[in-house]
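Engineer: Provided herewith is a single structure, encoded as structure tokens, for subsequent inquiry.
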Amino acid sequence: MYSMFCQNVNVNFTKKITFTFDYFEKKINVQIIDDNDKNLLVSICKGMAISGSPSCGFGTAEITFEGKNKKISIYPACDGCDLMRVNDTEKYFSIGKENRKKLVEILEKYGAKFPCN
């Protein structure tokens, strides 16, 4: 029963990271190639995801991690909340306020604007 509600999210397998952002006039689809940005995203985007239905807004920003025949999409909340949604599921994990700031700094370098909801 425990595994139905929890999912360990670990993106250490990552070879390629793609960031997409689609919000009004902003349409971004880029590969993250800076090694520092990639390493920081891999270290931030992991945790124990649990089922839930938070009030945070998701969907306009997507970070896709690919490698070793695996692919995981992580959707950061667009409203300042520190939760991340896993794929198209109702599973979420928290990255904490400090990591949220680092995440936003990285994604804004690629043209995103937060909050986006």
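Derivation of every value follows stated rules applied to the coordinates shown; laboratory data play no part. Predicted model only: the values in this text are computed from it and were never measured. Neighbour counts are summed over all protein chains in view; Cβ atoms, including those assigned to glycine, are modelled from backbone coordinates with ideal geometry.
Engineer: Under 5 Å between amide hydrogens, which residues at least 5 positions from ILE32 or on another chain qualify, with H placed 1.01 Å from N in the peptide plane?
Structural biologist: ILE17, THR18, PHE19
Engineer: Hey, another quick one. I need TYR23, TYR75 ordered by Cβ neighbour count within 10 Å, fewest first.
Structural biologist: TYR23, TYR75
Engineer: Neighbour counts of other C-beta atoms within 10 Å: give me LEU83, LEU40 arranged from fewest to most.
Structural biologist: Result, fewest neighbours first: LEU40, LEU83.
Engineer: Quickly estimate the mean residue ellipticity at 222 nm for the chain, helices only: each DSSP H run with n ≥ 4 gives -39500 (n - 2.57), and the total goes over all residues, rounded to 500.
Structural biologist: Theoretical 222 nm ellipticity from helices: -7000 deg cm²/dmol.
Engineer: Same structure again: Name the residue farthest towards the positive end of the dipole of the chain from the options GLY67, THR20, GLN31, assuming +1 on Cβ of Lys and Arg, -1 on Cβ of Asp and Glu, about the Cα centre.
Structural biologist: Working it through, the farthest residue towards the positive pole turns out to be GLY67.
Engineer: With only alpha-carbon pairs counted, each pair once and no self-pairs, how large is the Kirkwood hydrodynamic radius of region 39-90 in angstroms?
Structural biologist: After inverting the mean inverse Cα-Cα distance, the result is 11.7 Å.
Engineer: Arrange SER43, SER55, SER73 by Cβ neighbour counts within 10 Å, fewest through most, would you?
Structural biologist: SER55, SER43, SER73
Engineer: Okay, moving on. Hey, could you pull the Cα Rg and Dmax for the chain, both in Å?
Structural biologist: Over the chain's Cα set, Rg and Dmax evaluate to 13.3, 44 Å.
Engineer: If you don't mind, another one. Which of ILE44, GLY80, GLY57 sits farthest toward the positive end of the charge dipole of the chain, with +1 on the Cβ of Lys and Arg and -1 on the Cβ of Asp and Glu?
Structural biologist: Highest projection toward the positive end goes to ILE44.
Engineer: Another question about this same structure. Note down the magnitude of the dipole of the chain about its Cα centre, charges +1 on Lys and Arg C-beta and -1 on Asp and Glu C-beta and zero elsewhere, to the nearest 20 debye.
Structural biologist: For the chain, the charge dipole is close to 280 debye.
Engineer: Expressed in nm to one decimal, what extension gain is obtained for the pair LYS15 and ASP35 from 0.36 nm per residue of sequence separation less their Cα-Cα distance?
Structural biologist: Result: 6.1 nm gained on full extension.
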